[in-house]
Amino acid sequence: AGVYSDAQTNDARLCLANVRAAEAAGALVASRTEVSGIERGPGGLVVHAGDMELHARTVVNACGPWVDAVRRLEDPQAGTSVSLSKGVHLVVDLPGGWDAALTIPVDESRVSFAIPWEGKLLLGTTDTAVDDPGAASVTPEDELQVLGEAARALPAELLARQLVRARFAGLRVLPLTDGTTARAHRDVTLSRGPLGMLSVAGGKLTTYRLIARRVLDELGADLGGRGDWHEPFPLPGAAEPDIVAASLRGVEPELALHLARTYGELAGEVLAHAAGRLDALDPIVPGEPEILAQVVYARDHEWAVDADDVLRRRTTLALRGRATADVRARVTDLLGASRVASAI
């Protein structure tokens, strides 16, 4: 057997860290704001978004699976520039003593995985071409495929359909291809529209900063030739979790490590923000590490609006099958209370 080490991240929280870094640098963050039009304006472009009219020297379209929909706001005649591939994951219980990821060969172009993740076992993924990004979902056929491929290497008692705790699908944005998406390269494509908007698509999460550098290099003239963006800097919260956990006083070690792994050096800020609440350290879900203080913090510092924002994108509770109706109601109530407190 061959053994190698790899890295693991929480993609939603990595995205949040980048948004927070942008805000700290002076960016206006407008979550849940739909872009409805792009037109030429004096000195650049005008973007209509929600009830705002934004004037900019340049616009970057980095909308993932919806990149072509935004291109057509600039140019209704714009064609299709990317292929979309759906990847499905299933979440099952993690057997005791399991602490390594498993790679399962499927065919000459694909492998499947079984990865310890958030206290569960993550299975997948698939690679299926789709046309409509808004319609991507986990079908019964997808579920059977993931379980069948996992069964090549895992014991059957882990893989009964009734043992699946959660399921979710994501989309890969790939260069346009006539072949199968499984064989498509994960290349990055940059293109300019007739009004000058720069669209970027493709690539992988692990190289997103290199992709950003390419975009900024392309925009050098638009931005006045500045070149200081090549200097790397850590994202907000970046720190060694064990060191952060040791610095958190007054909380159980397991909770301290959970907060440190989730927020890095901002973990103390999460606790301080909810210091006045008697139930701040109570779990959102009994038996799980996430606490009510995280809901309040997500609302006030991470742009969370509804229960899905908290349970799917600020924590992984929904992706672990823990977002029951009662849990959703409790989070929704707490978000509403936060709004009232913020208004006061």
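Rg over Rh for region 63-112 works out to 1.25, both radii taken from alpha-carbon positions and Rh defined as the Kirkwood radius. Across the protein chains, with a 1.4 Å probe defining accessible surface, the residues Ser112, Ser5, Ser81 rank Ser5, Ser81, Ser112 from largest area downward. Rolling a 1.4 Å probe over the protein heavy atoms leaves His273 with an accessible area of roughly 70 Å². When Tyr263, Tyr4 are compared by accessible surface with a 1.4 Å probe, the order from highest to lowest is Tyr4, Tyr263. Post the alpha-carbon centroid distance, region 263-320 to region 73-114, in whole angstrom. Cα centres, region 263-320 to region 73-114: 28 Å. By accessible area, using a 1.4 Å probe on protein heavy atoms only, the chain has 53% of its surface on carbon and sulfur. Model label sites at Val106 and Asp11, defined 7 Å from Cα along the beta-carbon direction, differ in position by 1.5 nm. A simple spin-label model places the labels of Ala49 and Thr189 2.4 nm from each other, with each point 7 Å out along Cα-to-Cβ.
Each Lys and Arg contributes +1 and each Asp and Glu -1, all at the Cβ; summed about the Cα centre of the chain, the dipole is approximately 200 debye. Close amide-amide hydrogen proximity is noted between Gly41 and Val46, each under 5 Å apart and 5 or more residues distant or on a separate chain (H modeled in the peptide plane; Pro and chain starts excluded). In a solvent-free Debye calculation with one equal scatterer on each Cα, what is log10 I(q)/I(0) for region 60-191 at q = 0.11, 0.21 Å⁻¹, listed in the order of the q values? At q = 0.11, 0.21 Å⁻¹ the computed log10 ratios are -0.47, -1.19. When every Cα-Cα distance of region 264-344 is counted in 10 angstrom steps from zero, the calculated P(r) takes the values 19, 58, 23, 1 percent. Solvent-accessible surface of protein heavy atoms, probed at 1.4 angstrom with all chains present, puts Phe113, Phe168 in the order Phe113, Phe168, largest first. As a length-normalised measure over Cα pairs under 8 Å and 6 or more apart, the relative contact order of region 1-136 settles at 15 percent.
Per residue, the accessible area of the chain comes to 55 Å², computed with a 1.4 Å probe over protein heavy atoms only. Which whole-number percent gives the relative contact order of region 127-285, counting Cα pairs below 8 Å spaced six or more residues apart? Here the relative contact order equals 12 percent. Potential lengthening of the chain between Leu28 and Val251 amounts to 76.8 nm, from the contour at 0.36 nm per residue minus the alpha-carbon distance.
Using 0.36 nm per residue and subtracting the Cα-Cα separation, the extra length available between Ala21 and Arg40 on full extension is 3.9 nm.
Compute log10 of I(q)/I(0) for region 30-103 with the Debye formula, placing one identical point scatterer on every Cα and leaving out solvent, at q = 0.21 Å⁻¹, to two decimals. Values returned for q = 0.21 Å⁻¹ are -1.00.
For region 192-285, a simple Cβ point-charge model (Lys and Arg +1, Asp and Glu -1, everything else neutral) yields a dipole of about 440 debye relative to the Cα centre.
The relative contact order of the chain, computed from alpha carbon pairs under 8 Å that lie at least 6 residues apart in sequence, is 15 percent. The tail of the calculated P(r) for the chain beyond 24 Å holds 64 percent of all Cα-Cα pairs.
The values are calculated or read from the model by the stated rules, or taken from the named source; none is laboratory data. Predicted model, so just to flag it, every value in this text is computed and none were measured. All Cβ positions, glycine included, derive from the backbone under ideal geometry; neighbour counts span all protein chains shown. The area values use the complete protein model at the heavy-atom level, side chains included, leaving out ligands, DNA and RNA. Shrake-Rupley method; radii C 1.70, N 1.55, O 1.52, S 1.80 Å.
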